[in-house]
Amino acid sequence: MKKKKVSDLVTINRKARYDYVLGDELTVGMVLAGPEVRSIRDHHVQLKGSFVTIRNNELWLNNLTLGAETARNIKLLATKKQISALEREKVAGSTIVPVKLLGGSRHIKLVIAVGKGKKKYDKREAIKKRDIERGRYA
């Protein structure tokens, strides 16, 4: 009998879908210490305002809010091939945005996506479309 894979969603970055047109998603690991893991498992984490950068061929998550700590930088684990693909996208003018934080199994994973920034009129259009779907403009 196979064990069922559990991907417990810890938090989601809703602002990312509003501010960016997201492309391909990639699930990466994180280098964390014990207290950081406890904060994430207790859902004392916030992705809002955080972003991913590439320094020395390594991925870094910047401005992650963990409990009382703020503006923490955490190294992300990805293959060289994945990092070089992300770097090519970044040179083309895209941004790497954290989308979800998964922590249901033994490992804590971060889902990142390549995004292109939306203009103000795109955001207004998204709000209008969402309101129409809710039935406000019948």
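The values are calculated or read from the model by the stated rules, or taken from the named source; none is laboratory data. This structure is a prediction, so every number in the text was calculated from the model and none was measured. Virtual Cβ from ideal backbone geometry, glycine too; neighbours counted across all protein chains shown.
Every condition in (1) among the hydroxyl-bearing types (Ser, Thr, Tyr); (2) in a helix (DSSP H, G or I); (3) at pLDDT below 85 holds for residue 84 except the one numbered (3). Listed by first and then second residue, the pairs with beta-carbon distance under 8 Å, at least 6 apart or on different chains, first residue in region 51-80 and closer than 19 Å to residue 115 by Cα, second of a type in the set (Asp, Glu) and surrounded by fewer than 17 Cβ atoms within 10 Å (Cβ to Cβ), are 54/87; 76/58. Sub-7 Å Cβ pairs linking a first residue in region 19-48 that is without any contact (Cβ under 8 Å) to a residue 40 or more places away in the chain to a second residue that is among the hydrophobic types (A, V, I, L, M, F, W, C), at least 6 apart or interchain, are 36/66; 39/45; 39/66; 43/10; 44/66, ordered by first then second residue.
Going by the structure shown, is residue 23 part of a strand (DSSP E or B) and within 17 Å of residue 8 (Cα to Cα)? Talk me through it step by step, then tell me what you get.
Working: part of a strand (DSSP E or B): yes; within 17 Å of residue 8 (Cα to Cα): no.
Spelling it out, it is not the case that residue 23 is part of a strand (DSSP E or B) and within 17 Å of residue 8 (Cα to Cα).
In region 13-31, the qualifying residues are those that are surrounded by 16 or more Cβ atoms within 10 Å (Cβ to Cβ) and not charged (D, E, K, R), and the one that is farthest from residue 108 (Cα to Cα) is 20.
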